[in-house]
Every structure is written in C-alpha cells, then in structure tokens.
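A short worksheet on the structure shown next.
Please treat every number below as a calculation from the coordinates, not as lab data. Owing to the predicted nature of the structure, the values given are computational and were not obtained by experimental measurement. Quick reminder, even Gly has a Cβ in these numbers, built from the backbone with ideal geometry, and neighbours come from all protein chains shown.
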Amino acid sequence: MKKTLTILIVSILSIGIARADEGMWLLPMLQKFNEQAMRNIGSRLTADDIYNINHASLKDAIVQFGGGCTGEVISDQGLVSTNHHCGYGSIQRLSTPEKNYLEDGFYAKSLDEEIPVPGLTVTFMKSMSDVTGQLEKLDDKAREEKIKEIEKAASEANPGCRPRVISFYNNNVYYLVVYQVFNDVRFVGAPPASMGKFGGETDNWMWPRHTCDFSLFRIYADKDNNPAAYSKDNKPYKPVKSLKVSLKGVSEGDFAFIMGYPGRTQRFQTAAQLQDMVDINNLRVEARTVRQQVMWEEMLADPVVHLKYANKYAGSANGWKKWQGEDLAFRKLNIIGREEQKEAALTKWIEKKKSRREAWGDAIGTIDTYIADRQPAYRNAILVMETLGNIELIGKLTGARGFREEDYDKEVDRKIAKAVTRFYLQNVKPEDKIQLKDRELTLENSDAFIDRFFDNGTEQDAKDLQTAIYAAMGVGRGNAADEGYAAYQKASKDYAAALLAWKKGEPSYPDANFTMRLTYGNVKPYSPKDGVSYWYYCTANGVLEKENPDDYEFRVPEKVHRLIEARDFGQYADKDGQLHTCFLTNNDITGGNSGSPVLDADGNLIGLAFDGNWESMSSDVMFEPDLQRCINVDIRYVLWMIDKVGGASNLIRELEFVR
C-alpha cells in the first residue's frame, strides 16, 4: 500500500514538469513548467531570477544581436560578447586591405578606439504577455486590425520601445513582446579569423572543436541612457543587468542553461512537409556547391577578393553543410518514418471521437495535398533563386538595396554567373525555363550570354533579366504555389492544435521563431557510434595537433602557438593545468542561438554557444537526447585570447569574475 501511494505521488508530481534536456521554453512559463525541473538537476535559481518585468533579472542581460544571433552584456559599461561568426559581417565591412580586422584581429585599448558599426543593432526584450484571448475568435482581417490596436497601445505605454504581437504553435497562441532597440553599437574586439574561425568549414558542425568563436561590441546610449542614433556625444550604455564571468570551469554533469533567440525549428510539421524540406535543401546544396567552389578558388587566389567575399562565402556555406548533415541524420535516424508513425497514432486518436474528427480530421490530408501540388513550382523557384538569383551584377545595375560596391568583384561574379547558369540549365524542366525577350537561353550559348551581359549590359537589360527571373520563380502570378494557401495555413494551425490536445497535460514549448527562449540541461559527453566515445571538453593541445600552415582553415598565429607550447595559460588554466577550449552540453538550440550565454547553476557566464554536432543535424525536427549536443566555447579560452594573446587587459578589467 505504501509503495502504491509513493508511485501515485511521484506520478502526480511529475505532471507539468518538463524533461531536463529537450525544449526551447518561453520565459513567462518557467515557473509553471520548468523551475522545479531545473532545480532537480542542479539549478540554484528561481524563475524570478531569470525572468521578471518589475526588477532586474537575467533576461535583461541577453540581447538579440543584429537580426540573427544572440549576445550578452558582460560589463556595467555595456560591453557585449557574441560569436565571431555573428560579428563576422560587421567586422568584414569595417575592414580594408590596409586595416584588415577580419584577418588580423583587433582590440580597442580605449573607448576612443572603438569603431561604430552602421546598421548594427542590439535588442533587449522588456516583456512578454499572452494576448491569445483577444485574438483567437477573430477572422483574419479582424485579427490584423486588433493586432495593430494592441501594438499601438503597447507603444504608447512603453515610450521608445517596439511592441510586436507574435504567433506561436502555428498561429494558435499569440504573445505581445515589447522590445527596446539600440542602434549605436561599436566594434570593440575580435581574434584573427585564423582563431575565430579555426577549422573553417571542415570543422563546422563537428566535434572535437578548438574554435575561439567570439567577438566583442559595445552599446552606446544618449545622456539619459536611452537608445539614440550614433553621436560622438553618446556614452557607454549602463545596463540594468550584466553577467558575472566564472573562472571555475565545468565538470561532467554540471547544470548548464542557455538563454537566447533560436531562429526556426520544425517540430509541428507533418512528414510530407519535412520530406519536402529535405528535398528542397538537397537542391540548395547542389547549387551552392557549384557557386561556392568558384568563390573559394577566387578567394584563395587573391587576398583582396578573400576580404570582399568572406562573409558571402561563410553565410552560404553554413547552411550548405548543415543541410548535408540534416539529410544524413534524417536517413540514419529514420526521422520521416518516425513522424509518419506519430501521425498514424494521432489520426487514430482523432478518429475515436466525432468532435475531434470535425475539428481536425482533414488537417494532415489538406497539408499533404497542398505540399504535393506546390512542389514543382516551389522547386523551380528555389532553383532559380539559388542560381540566376545570385548574379550580383543584376543588383548592381538596378541599384538594389544592400548591394555594396566594396564587396564586389565583377570578374569573380562573371565566373560564378557562368557556373550557376550552366547548373540551372542542366536542372530546369524545359517548360519552366526562363523566358527572355530576344533569345532562348541554352547550354550552348549561356557563356556567351553571360559575357554579353557583363561586357555591355545596361540597367534596362538587368531589369529585363530580373523580370524574367521573377516570372520563372512564380512571383507576381498565380501558380500552384499560391492555390489553396489559406486552407493550408488553417490546416497547419489545426494540426498543431490537435497535437497539443492529444498531449494535453504534458509541458509543451512552441517552435523557435526568433523570440527569447531558455533551454536547460547538463555538461555531457556522447558516443556518436559503436566503439567511439567523446570527452565533454577539448584543450589547446588540439590546436597544435590540427595546425597546418598550408591549409587556410588550420593556420595558427605564431604567438598563439608559442603560448600554448609554453603552457602559458595564466589564471585561465583549468585545474588540470590545461587550457580548455570548448565543451559540450545537452542543451536544445538551433540557429539564432549562436552567441548565446551558457550559464551555470547560479547564472554566471561559463561559455558561449556556437554550434551543434554533426550526428544530430535533424534536431530542428526531433530532439535526440543520446546524440544532440551543443558545442560551446569555454569562456576562459575567450579571456585568454583577449588577455594573453591580444593584450587587451583594459577589457578584462571591466569584467566581474567569480572564482
């Protein structure tokens, strides 16, 4: 009797408590879903310590960096850390052949040396509030009007802020999120690319890892500490909260959590949607392979070209490699088959009750039909976009927003244009091929066509080509990609609603959508396959083991080599005497989490999240607890690079350490 009662109590207590590793959790729901679970595995914080709108909490130290990464405030003078690859584009734009901050690195030794970054923003989240009740019973038009009304009222109540109503769970839930955006952001420091991108695309998504993936920026504000356009009179921002930095290091099993802005996941999609995604991404991989091969060869041949195209190449290659790993993981882990099994079980549950059949019975079929109908047009649109859509001269001649002359080389663009046009013509269906006014584009005449355009093309020629590209993509005209879209959107909403109802009572988190989330777990190694086990950390020894002066991706600066060889690690050495470079946790992250702080049980900074592991590239769709790992740069490696290698002790003095 006593044993039965104990089991019953444990079962009751477990209801509403989330798993320790899976989940990108909304901050306002932490107390309900996550606080106790976090404490169970080592946290010493309350939900109030993490998220509170009435007093300072950890969420006040976390920023969305630019439009697609995360950063954290690490000093009371507005100093922000993020990943090197998050600051990469800004650093590249600030660099010149004479002052190549990207290749050589840079550290400002005073505030006067910090460099303004035009267009770069950092964004704080002030609050999140559920407004579903005001919107759920409205039709689309009425909902749009109500959203405008809610955002306007929030803007008036929060001067200087940007409120946004954002949907979750495939438009089943809505939150009002209030943001504060700072647009005077200045570049403070970064290691040379040889360290910030050590391992390049070879090591990208891989473990073991030795990349010192960080960069530093500073937020500036007006005299009242409010957001302001750049001015020499602005002062370093005084944050509500900044993170303390731990020098203690990590051990296996330690509690660790991550806060940040994960981008997009697909955990509320059907098997048909997922298969379509994989097929389209495989097409993208093929097209980008052609473009990137030309780009890389030209970059290696000319340092000036390398500087101009470094950010373009990095941006393209990141998705290119991820999609390859995703396809491999989907096949190895039978992701589509498992999703089909889930759908079958859900359908069986729906069929048991008339009210369920009436509410959600057609959802999966409607989605699958729409995906099948739109597939040819969608494939063609992606093919055009990834090939002809990447001819930069079109944007140059038409004055496209975002085109930068300083990042452009016409002859490189010409070579890329010829290669991608050939790929396009080899893969497009005859009936979908681009239609030009005065000629037919063929494999036999494509090189000559590109040469004529590059040698004599006018603005009108570029506009005509652009119009033809848009037409081939299906932009601006009815096609299979547009028909039934409203029904498809409703079906997607109904599918998510059915999943939530099916699992009613279980904690749930919505797909990532660039809103602030928290994921928690532990420092943890893993075994990728039979007979192979990985440690949970790497050391600087691996930097020298991988070093290859003849390989651009594995160059090591002389000073870094010398300090590692001499074991000159100072206060940043681990208790084992080694300099730890990176470590693993089982936190649930995705793109957008790059640069996110990895925090210990007391909320102190122990690292920066910067990657996932190759074996779990299907993680945006399905969490794999035995395989999925988050790769983090150890904050002590970052500090060593700033202090011992970079000599920027002025920045070290800003930080508050926990030892």
Report summary line: Sparse-neighbourhood loop hits (trypsin sites (Lys or Arg not before Pro), region 535-587; DSSP loop; Cβ within 10 Å at most 16 others) -> 567, 575
**Report entry** Projected label distance in nm at residue 279 and residue 548, using a 7 Å step from Cα toward the beta-carbon
**Finding:** 3.8
Query raised in the report: Can you list the lysines whose alpha carbon sits under 25 Å from that of residue 332, skipping same-chain ones fewer than 8 residues off?
Result: 321, 322, 342, 524, 529
Query - the chain - share of DSSP beta bridges that are antiparallel (%, nearest 5) - result: 95
Report task. At 0.36 nm per residue, minus the direct Cα-Cα distance, what do residue 348 and residue 129 gain on full extension? Give it in nm, one decimal, please. Result -> 75.3 nm
Report summary line: Taking alpha-carbon centroids only, region 570-618 lies from region 519-539 a number of Å equal to 12
**Report entry** Whole-Å distance, taken between Cα centres, linking region 197-249 and region 412-480
**Finding:** 42
Query raised in the report: What residues qualify as long-range amide H neighbours of residue 131, i.e. H under 5 Å apart, gap of 5 or more or another chain, H built at 1.01 Å from N?
Result: 174, 175, 176
Query raised in the report: Considering only DSSP states other than H, G, I, E and B, which trypsin sites (Lys or Arg not before Pro) in region 355-419 qualify as loop sites with at most 10 other Cβ atoms within 10 Å?
Result: 401
Requested in this report: Identify the residues of region 64-79 with backbone N under 14 Å of a label point that sits 7 angstrom from the Cα of residue 240 along the Cα-to-Cβ direction, or state none.
Outcome: 64, 73
Report task. Mind listing the long-range amide H neighbours of residue 63? Cut-off is under 5 Å, sequence gap 5 or more, other chains count too, H placed in the peptide plane at 1.01 Å from N. Result -> 71, 72, 73
Query raised in the report: Exactly which trypsin sites (Lys or Arg not before Pro) in region 122-157 are in a DSSP loop and have at most 15 other Cβ atoms within 10 Å?
Result: 137
Requested in this report: Spit out the partnerless Cys residues in the chain, using Cβ distances under 4.7 Å as the pairing rule.
Outcome: 161, 212, 538, 582, 630
Report summary line: Scan of the chain for GluC sites (Glu not before Pro) in DSSP loops with at most 14 other beta-carbon atoms within 10 Å gives a longest site-free stretch of 253-439
**Report entry** Prolate/oblate/rounded label for region 271-485 (Cα gyration tensor, a/c 1.5)
**Finding:** prolate
Report task. Excluding residue 383 itself, calculate the net charge of residues whose Cβ lies under 10 Å from the Cβ of residue 383, where each Lys or Arg counts +1 and each Asp or Glu counts -1. Result -> 0
Report summary line: Here, residue 54 and residue 31, labelled 7 Å along Cα→Cβ, have an inter-label distance in nm of 0.9
Requested in this report: Per DSSP H run of n ≥ 4, the term is -39500 (n - 2.57); total these for the chain, divide by its residue number, and report the mean residue ellipticity at 222 nm rounded to 500 deg cm²/dmol.
Outcome: -12500 deg cm²/dmol
Query raised in the report: Which of the lysines could be linked to residue 429 by a straight reach, that is with a Cα gap under 21 Å, when you skip same-chain ones fewer than 8 residues away?
Result: 418, 437
